Every structure is written in structure tokens, then in C-alpha cells.
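What follows is a set of notes on a single structure, which appears directly below.
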Amino acid sequence: MLKNILTGMILAMTPLGVAAHSSSEATTPADGATVAEVSELSMRFDAPMRIISVTLTASGRDVEIERATGMDPTNEFRAMPVDNLAPGSYQFDWRGMAADGHPMQGSFSFTVSE
């Protein structure tokens, strides 16, 4: 009987742990997309996320971007390239802190066409 109670408690708590972390729901540009130009880089999360650092790279070199969203937790993060992005492949990497205090990170990539 004790085994059944403990198993039930563990199963009841499992969804809470899974739901606690934020996850990226969408990005602009979409991950893997080929676009003609980029006026905004954005990520949308299913729960507030404090984005601590972001980098945009092309061919291993950092590309300057400007944050449009501050350091407060938010469901949508936005940044803009400082200059027009030249044709090529880009990767956007981010690190953040979920509402439950867990560190999170991710990335998305896109291509700017000629």
C-alpha cells in the first residue's frame, strides 16, 4: 500500500516539474528559414524568461545587434541588427533564466538570401 501511495505522489508531481521550465515557442526569422532581409530578431516563450545574453554570429564572427527588450522577464524578446545583414548563414544563441530559476539556453539559425 505504501508503495502505491509513493508511486501516486511521484506521478502527481511529475507534470509540475515538466511545466516549470519556459520553452521557446517561435522565432523570427523562423529556425532554418531563408529570408530576403531581417529587420527584427525575436523569440516568443510560453512563460516569462529573463534573457541574460544573446549573440548573433555569421561565419564564426559576431554580428552587432541591439536589444529592444530589457533584462526583465518577458514572454517575447526582441533585438535588431545594427546594420543590414549581408547574405549568408546566421546563428542566434541565447542564454536566460526561467521563472523557476533554472538556467536555459538555445539557438536558432537562418539564412539571408542574395
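The values are calculated or read from the model by the stated rules, or taken from the named source; none is laboratory data. Given the structure is predicted, the values throughout are model-derived calculations rather than measurements. As a convention, Cβ positions derive from the backbone with ideal geometry for all residues, glycine included, and neighbour counts pool all protein chains shown.
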Quickly run through region 55-85 and pick out the residues that are within 23 Å of residue 102 (Cβ to Cβ) and either among the small types (Gly, Ala, Ser) or touching a Cys at 6+ places or on another chain (Cβ under 9 Å) (or both). 70, 79
Mind listing whichever residues of region 57-70 are hydroxyl-bearing (Ser, Thr, Tyr) and in a strand (DSSP E or B)? 57
So residue 82 ticks every box in (1) more than 19 Å from residue 106 (Cβ to Cβ); (2) modelled with pLDDT of 95 or more; (3) among the β-branched types (Val, Ile, Thr) but one. Which box is left unticked? (2)
Filter result for the condition that a residue is modelled with pLDDT of 95 or more, more than 10 Å from the chain's Cα centre (by Cα) and not aromatic (Phe, Trp, Tyr), over 70, 32, 60, 17: 32
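Here is a yes/no grid of residues against (1) part of a loop (DSSP other than H, G, I, E, B); (2) in contact with a Gly (Cβ under 6 Å, 6 or more places away or on another chain):
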{"position": "47", "(1), (2)": "no, no"}
{"position": "51", "(1), (2)": "no, yes"}
{"position": "55", "(1), (2)": "no, no"}
{"position": "72", "(1), (2)": "yes, no"}
{"position": "86", "(1), (2)": "yes, no"}
{"position": "97", "(1), (2)": "no, no"}
{"position": "100", "(1), (2)": "yes, no"}
{"position": "107", "(1), (2)": "no, no"}
{"position": "114", "(1), (2)": "yes, no"}
